[in-house]
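The values are calculated or read from the model by the stated rules, or taken from the named source; none is laboratory data. Just so it is clear, the model here is predicted, and its values are computed rather than measured. So basically every Cβ, Gly included, is an ideal-geometry build from the backbone, and we count neighbours across all protein chains shown. Side chains are part of the model used for accessible areas, which takes the heavy atoms of the whole protein and leaves out ligands, DNA and RNA. Shrake-Rupley method; radii C 1.70, N 1.55, O 1.52, S 1.80 Å.
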Amino acid sequence: MAERSSAAPAARTMLQQCLQARLQVKPAEEQSHAQFVQIDRGMVIYICFFKGATDDILPKMVSALLNLRLCESDSGKMVSVLELPGSLLIVPQATLGGKAKGRAMQYHNNIGKEEGLRLYGAFVSLCEKELTAAAASAGVTVKHGTYGNRQVLKLDTNGPYTHLMEF
């Protein structure tokens, strides 16, 4: 496994508040329709892990992402997705790890597929645990995309209030 320098990030995330989001998690096939997951008000988290990322970073990431005051409440005050309370849609997004080389993108710093899938699953589980503990009775949910698949996203937002964070 490649060692990660202290200056290089282990993961990159992008956060977007939403009024509603719908993600295709399985494309249509001959015998079946496309499958989707959907959330109402809350936050979309796009996530990409880099080579050298380990489980150690996950609790810090989940705490930081779910406690940031990036969601607009009914009063207009900015609150965290836990305080709202809102739902989460987690989207694996390998393209967040891209670097331009000439007129093409390269993804050499992204984590291997198997290890990325494992970390992604652990990240989703931690988010579910935190959101359930904070807002069990509020009807909020955690939905997620399918790691390694191309996915189609439809997003309704009350402002392109997008934030990039590295861990």
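Of note:
- Among the numbered conditions (1) under 17 Å from residue 135 (Cα atoms); (2) buried (at least 16 other Cβ atoms within 10 Å of the Cβ), the only one that residue 97 does not meet is (1).
- Residue 70 meets all of the listed conditions (1) over 28 Å from residue 158 (Cβ atoms); (2) modelled with pLDDT under 95; (3) open to solvent by less than 30 Å² (accessible area, probe 1.4 Å) but one, namely (1).
- Complete set of residues in region 137-159 that are over 27 Å from residue 119 (Cβ atoms), open to solvent by 60 Å² or more (accessible area, probe 1.4 Å) and in contact (Cβ under 8 Å) with a residue 40 or more places away in the chain: 156, 158
- Among the residues of region 23-51, none is identified as touching a Pro at 6+ places or on another chain (Cβ under 6 Å) and among the polar types (S, T, N, Q).
- Note on region 2-34: among residues that are in contact with a Ser or Thr (Cβ under 9 Å, 6 or more places away or on another chain) and open to solvent by 70 Å² or more (accessible area, probe 1.4 Å), the one that is modelled with the lowest pLDDT is 4.
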